[in-house]
Amino acid sequence: MTLWKHLAAFALATAAAFGAHAQAQPETIRFGGFGQGFGQPHGVALLAIAQGKGFIADEFKGTPVKLSFEYFTGTGPAINEAIANNRLDVAQYGSLPNIIGKAGGLPTRILASYGYTTVFGLARKDLEVNSFKDLKGRKVAVAKGTVLHWALLKALQDNGLTLRDIQLVDLKTADQLAALSAGSVDAAVGSSSLLTLRDKGVGKVFYSSKDQGAKASGFGGILVSETFEKQYPDATQRIANGLVKAAHWLGQEANRDEAYRIWTLSGMPYQAFKDDYDGVSLKDAFNPRVDAFLLSQYDDAIDFTKDNKLIRNDIDVAKWAAPQYVENALRAQGLQTYWTNRAALVARR
Amino acid sequence: MAEARIPPGAWLPLAIGAAWLLLIDTGAVAHPLMVPLHEVLAAPFVDEQGRQIWSAAASSLVRVALGFLIGASLGIAVGVAVGLSRPAQLAVAPTVHGLRQVALFAWIPLLTAWFGNGDLVKIVFISISTFFPVFLNTEQGVRGIAPAYREVAAIVRLGPWLRLRRLVLPAILPAVLTGVELALLTAWIGTVGSEYAIGTGRGIGAYLATARDVFRMDLVLIGVLVMALGGYGLSRVAQLLFLRLIPWRTR
Amino acid sequence: MAALEHLAGGVGASPLPRAAAWPWRTALPAPLRRLLLALALPAAIVALWQWAAVRGWVPPQILPAPALVWDTFLELARGGELLEGFLISLQRIGSGLALGGPLGLALGIWLGVSARARSHLEPTLRALFAVPTLGWIPILILIFGIDEALKVIVIAKAVMVPVVLSTSRGIRNIPLAYLEAARVLRLRPWTRLTRLTLPACLPTVFSGFRLGLSHAFIALIVVEMLAATEGIGYMMVWGRKLFQLDIVIVGIVVVGVAGCVLDLLLRRLERGLSRWAPGHG
């Protein structure tokens with residue numbers, strides 16, 4: 001009798017231990033992303049929807065896991081530093097800082113795409129600049145080392161120009177606005193933050209990546225730290241589930257207005273989101289899949305950073321990507337055909 | 001005689017204010033920087049984002065107080081210790097002088113990597129800004145204690161602890177307070193500077209940076225005004241405090 | 001002498017001769033001893049740094065190893081970026097000095113000489129001077145743009161503040177006896193200015209310039225880090241963006257060394273000047 005009792009107890013204990021290990025969850029999951037100032041713990045793009053509509057929180061209902069969200073200004077460096085210091089588990093930020101961090105040895109994995117952001121070109125009102133071709137020989141401001149820098153190059157290439165045909169000035173958004181209005185630079189290429197100058201009558205928009213679509217827009221990833229992913233694969237899957245739910249929610253046109261309203265919590269004006277996304281299919285823009293298309297864009301961006309001496313080491317994109325979590329979520333939610341699998345833009349390396 | 005009622009120092013600011021009202025409030029001159037005066041002054045009370053200046057100012061004050069206390073205490077402690085020991089002076093002073101030459105702002109990229117982007121790094125930066133003036137003045141004060149006093153203490157065989165309390169500390173009080181007064185202003189500049197450069201969280205510097213990001217020049221002007229007022233207020237408080245502590249000191 | 005030195009040793013000085021307490025003291029000459037002691041702390045810091053890097057206490061992106069920093073320094077020096085940035089920064093300080101120095105001097109003289117000017121202008125000037133460089137930058141950018149003019153003006157303002165204050169103070173502190181002598185001698189205003197006023201306040205004015213130069217250096221770093229596209233300050237901000245802290249550390253060392261050299265030069269100059277024109281306080 002005692003032998004069976006012992007065996008049963010041992011079996012139970014093992015099952016419990018195994019079950020507990022498989023269910024091992026972190027105490028807190030720390031999310032970070034790029035954001036606006038005025039101290040709001042709210043952001044934009046896919047993560048903000050997943051947070052604002054509670055999609056990720058729902059995945060962890062019934063568990064003691066706490067979620068924290070922090071949105072940084074001066075994003076790229078700040079987020080890379082936070083990941084290096086082990087202060088962030090999941091981060092939503094632009095592709096260039098993703099690449100800079102990874103090339104610098106930061107252990108991250110690409111979990112999902114956070115969406116596409118429109119890139120605008122704004123020129124001083126009094127100048128004869130109506131398209132990219134008119135930029136030849138002019139002083140153009142862009143935040144170097146960001147995806148906007150890459151987008152500028154793409155747009156130049158599409159118009160038969162190179163970075164050498166313009167005078168590039170490295171300025172961040174606030175300084176771009178000031179320099180444009182003071183006349184120090186002729187044009188700037190950046191996000192919808194530039195549009196305040198249009199509203200104030202100082203500048204005019206001569207380019208919007210909406211016409212080109214995803215291939216010329218700002219892009220980036222929701223990255224998870226490798227240590228977190230290895231330690232808590234279940235939690236990582238749940239996060240992906242929440243992100244896919246959010247993307248699916250965004251795909252429905254009826255939710256567009258609510259999405260804008262959630263994003264205005266970040267401190268950016270409602271009009272900015274209308275300028276960004278009106279006329280754009282939110283379903284296509286927020287395709288979360290880490291597919292051949294996204295990876296080919298990352299390849300392209302990596303080549304760009306190497307050419308511009310922004311990184312010292314190469315990156316194996318195939319190993320960097322972790323597409324399985326999003327794919328699992330799609331299967332689980334029956335959404336495999338909701339987004340088409342996009343082919344690579346250019347041949348993969 | 002009526003002219004005597006307006007102090008001469010007020011003429012220039014009043015003239016500028018009048019010119020501003022005349023040219024800008026009426027719309028005669030348009031420039032992004034020139035925001036109508038009444039809008040600038042009203043913003044902290046009526047504008048939603050303008051109202052945030054109050055909590056920003058409060059955050060900055062709390063930070064400067066914390067950072068200042070830490071930096072000043074360390075500065076006094078290390079200053080006394082180094083000032084009393086000749087070998088320590090020779091070992092520590094050159095390094096500190098060398099580090100002091102590095103413009104404080106240059107540390108920020110390194111500090112954000114080590115301490116993150118939150119309140120900790122700003123307090124560290126403020127403490128460092130405070131440390132240097134306090135340390136240098138304290139150390140100088142200790143070294144300047146008249147040899148006669150030291151002789152008396154040695155002859156009377158005053159124990160180390162009593163020597164510290166009864167001789168060193170009172171003797172260096174003026175020097176320390178000079179350092180503290182200077183450090184207060186440095187700490188304030190360090191507070192606003194680190195907030196501006198790092199940009200996250202609440203504070204006058206972050207407020208200024210965000211206002212620039214959304215191109216609200218009226219908020220920028222308010223931020224600069226509050227920054228100046230804060231510095232002025234702190235130095236006045238310090239002056240009044242020291243007047244009571246060491247009334248015999250002449251400026 | 002020996003007794004005083006003995007007491008200056010500090011708390012708990014022993015009655016024994018010092019040489020017995022520090023046997024190696026007599027073995028090495030004093031200047032060498034001082035040098036070794038001065039180098040002890042920095043050497044210890046670098047050693048700790050190397051140990052931390054080797055043991056991996058901190059991620060390498062957060063604290064690059066000393067060897068990497070050295071390599072980066074060589075790379076930047078050889079590639080010319082360091083020299084380029086340094087020269088640009090130097091040029092900026094020079095221009096700022098050339099603009100702010102004479103302006104500050106003229107304004108300071110005017111304020112020192114004319115009580116009327118003082119009472120009208122001083123409060124406004126003090127208020128303006130109280131705003132640190134950081135506060136000026138957003139406003140000046142809108143007026144002057146983001147070009148060299150901005151940086152030169154920011155540095156000029158940083159120089160002006162101590163120059164104006166100390167020049168005006170120096171002139172006001174000229175002993176009454178001198179002014180009376182000038183009146184008795186019936187000196188013309190210009191002669192009085194050049195032969196009496198200026199030489200008498202020279203030490204104070206010079207210490208104002210010295211302070212101005214150190215403020216200019218700090219303003220240079222601030223404006224380069226916040227609103228520039230080249231220079232040593234920009235190099236450090238760029239290094240942070242690229243997540244290559246070794247570049248940042250190289251920048252810090254260069255800034256520190258430059259600051260030390262500047263400070264040394266100024267102190268030598270001041271000593272030389274005080275020997276030539278004994279101060280009047």
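Quick one: is A:Ala301 more than 21 Å from A:Val244 (Cα to Cα), of a type in the set (A, V, I, L, M) and assigned to a loop (DSSP other than H, G, I, E, B)?
no
Considering each residue of segment A:168-179, count those that are under 27 Å from the mean Cα position of the chain (by Cα) and closer than 16 Å to B:Met217 by Cβ, and give that number.
Counting residues in segment A:168-179 that are under 27 Å from the mean Cα position of the chain (by Cα) and closer than 16 Å to B:Met217 by Cβ gives 6.
B:Leu136 passes all but one of (1) under 30 Å from C:Pro31 (Cβ atoms); (2) more than 17 Å from the chain's Cα centre (by Cα); (3) part of a helix (DSSP H, G or I); which number fails?
(2)
If I go through segment A:281-340 residue by residue, how many of them are touching a Pro at 6+ places or on another chain (Cβ under 9 Å), farther than 21 Å from A:Leu96 by Cβ and aliphatic (A, V, I, L, M)?
3
Only one of B:Val92, B:Val64 is free of Cβ contacts under 8 Å to residues at least 60 places away in the same chain, of a type outside the set (Phe, Trp, Tyr) and more than 24 Å from A:Met268 (Cα to Cα); which?
Every option except B:Val92 fails the conditions.
Go through segment B:66-91 and give me each residue that's surrounded by fewer than 22 Cβ atoms within 10 Å (Cβ to Cβ) and hydrophobic (A, V, I, L, M, F, W, C).
Passing the criteria: B:Leu66, B:Leu69, B:Ile70, B:Leu74, B:Ala77, B:Val78, B:Val80, B:Ala81, B:Ala88, B:Leu90, B:Ala91.
Looking for whichever is charged (D, E, K, R), under 24 Å from A:Gln252 (Cβ atoms) and away from chain B (no Cβ under 11 Å) here; the options are A:Lys66, A:Lys61. Which one fits?
Testing whether each residue is charged (D, E, K, R), under 24 Å from A:Gln252 (Cβ atoms) and away from chain B (no Cβ under 11 Å) leaves just A:Lys61.
So which residues in segment B:70-96 are among the polar types (S, T, N, Q) and facing chain C (nearest Cβ under 8 Å)?
Once the filter is applied, which keeps residues that are among the polar types (S, T, N, Q) and facing chain C (nearest Cβ under 8 Å), segment B:70-96 yields B:Ser85, B:Thr95.
Collect the residues in segment A:75-87 that are more than 15 Å from the chain's Cα centre (by Cα), in contact (Cβ under 8 Å) with a residue 60 or more places away in the chain and buried (at least 24 other Cβ atoms within 10 Å of the Cβ), keeping them in residue-number order.
Within segment A:75-87, A:Ile83 is the sole residue that qualifies.
Test C:Leu213 against the criterion of being more than 9 Å from every other protein chain (Cβ to nearest Cβ), closer than 27 Å to B:Gly193 by Cβ and in a helix (DSSP H, G or I), and give yes or no.
The answer is yes for C:Leu213.
Whether any residue in segment A:71-78 is closer than 18 Å to B:Thr200 by Cβ, in a loop (DSSP other than H, G, I, E, B) and either within 11 Å of chain B (Cβ to nearest Cβ) or hydroxyl-bearing (Ser, Thr, Tyr) (or both) is what I want to check.
Yes - at least one qualifying residue is present in segment A:71-78.
What residue, of B:Ile189, B:Ile204, is at pLDDT 85 or above, under 12 Å from the mean Cα position of the chain (by Cα) and within 11 Å of another protein chain (Cβ to nearest Cβ)?
Just one listed residue meets the conditions, B:Ile189.
Is it the case, given these coordinates, that B:Gly233 is more than 14 Å from chain A (Cβ to nearest Cβ) and out of contact with any helix residue (DSSP H, G or I) (no Cβ under 6 Å at 6 or more places or on another chain)?
Judged against the criteria, B:Gly233 is a match.
Please determine, by comparing only the residues of segment A:185-211 that are assigned to a loop (DSSP other than H, G, I, E, B) and under 25 Å from the mean Cα position of the chain (by Cα), which one is farthest from the other protein chains (Cβ to nearest Cβ).
Residue satisfying both the conditions and the ranking: A:Asp211.
Closer than 30 Å to C:Gly79 by Cβ, of a type in the set (S, T, N, Q) and part of a loop (DSSP other than H, G, I, E, B): does that describe A:Asn287?
Answer is no for this residue.
Considering C:Ala30, C:Ala2, C:Ala52, which residue is modelled with pLDDT under 85 and within 12 Å of another protein chain (Cβ to nearest Cβ)?
C:Ala30
Exactly one condition in (1) away from chain B (no Cβ under 14 Å); (2) at pLDDT 90 or above; (3) farther than 30 Å from B:Pro7 by Cα is false for C:Leu82; which is it?
So the condition that C:Leu82 fails would be (2).
Could you count how many residues in segment B:97-126 are more than 9 Å from chain C (Cβ to nearest Cβ), farther than 20 Å from C:Thr133 by Cα and either touching a Phe, Trp or Tyr at 6+ places or on another chain (Cβ under 9 Å) or part of a helix (DSSP H, G or I) (or both)?
8
Whether any residue in segment A:40-60 is touching a strand residue (DSSP E or B) at 6+ places or on another chain (Cβ under 6 Å) and in a loop (DSSP other than H, G, I, E, B) is what I want to check.
Looking through segment A:40-60, at least one residue is touching a strand residue (DSSP E or B) at 6+ places or on another chain (Cβ under 6 Å) and in a loop (DSSP other than H, G, I, E, B).
Inside segment C:100-182, counting only helices (runs of 4 or more DSSP H) that do not spill past its ends, which hold 3 or more residues that are surrounded by fewer than 17 Cβ atoms within 10 Å (Cβ to Cβ), over 22 Å from the mean Cα position of the chain (by Cα) and of a type outside the set (Ser, Thr, Tyr)?
C:115-130
Tell me which of these A:Asp158 doesn't satisfy, since it passes every other one: (1) assigned by TED's automatic domain parsing to the domain that holds A:Ile56; (2) of a type in the set (D, E, K, R); (3) over 20 Å from A:Glu70 (Cα atoms).
Status for A:Asp158: all satisfied but (1).
Those residues that are assigned to a helix (DSSP H, G or I), more than 9 Å from chain C (Cβ to nearest Cβ) and surrounded by fewer than 23 Cβ atoms within 10 Å (Cβ to Cβ), I need them from segment A:150-184; list them, please.
A:Leu153, A:Lys154, A:Ala155, A:Leu156, A:Gln157, A:Asp158, A:Leu163, A:Arg164, A:Asp165, A:Thr173, listed by residue number.
For B:Thr191, state whether it is of a type in the set (Val, Ile, Thr) and touching a Phe, Trp or Tyr at 6+ places or on another chain (Cβ under 7 Å).
It is false that B:Thr191 is of a type in the set (Val, Ile, Thr) and touching a Phe, Trp or Tyr at 6+ places or on another chain (Cβ under 7 Å).
Only one of (1) of a type in the set (D, E, K, R); (2) modelled with pLDDT of 90 or more; (3) more than 28 Å from the chain's Cα centre (by Cα) is not met by A:Arg164, so which one is it?
The number of the failed condition is (2).
Filter segment A:97-149 for residues that are among the β-branched types (Val, Ile, Thr), in a strand (DSSP E or B) and in contact (Cβ under 8 Å) with a residue 60 or more places away in the chain and give the result.
A:Thr108, A:Ile110, A:Thr117
Please work out if A:Glu226 is surrounded by fewer than 18 Cβ atoms within 10 Å (Cβ to Cβ) and in contact with a strand residue (DSSP E or B) (Cβ under 7 Å, 6 or more places away or on another chain).
Against the criterion (surrounded by fewer than 18 Cβ atoms within 10 Å (Cβ to Cβ) and in contact with a strand residue (DSSP E or B) (Cβ under 7 Å, 6 or more places away or on another chain)), A:Glu226 qualifies.
If you go through segment C:250-265 one residue at a time, how many are in contact (Cβ under 8 Å) with a residue 60 or more places away in the chain and either outside any helix (DSSP H, G or I) or surrounded by fewer than 23 Cβ atoms within 10 Å (Cβ to Cβ) (or both)?
Qualifying residue count for the region: 3.
The values are calculated or read from the model by the stated rules, or taken from the named source; none is laboratory data. Model, not experiment: these values are computed from the prediction. So basically every Cβ, Gly included, is an ideal-geometry build from the backbone, and we count neighbours across all protein chains shown.
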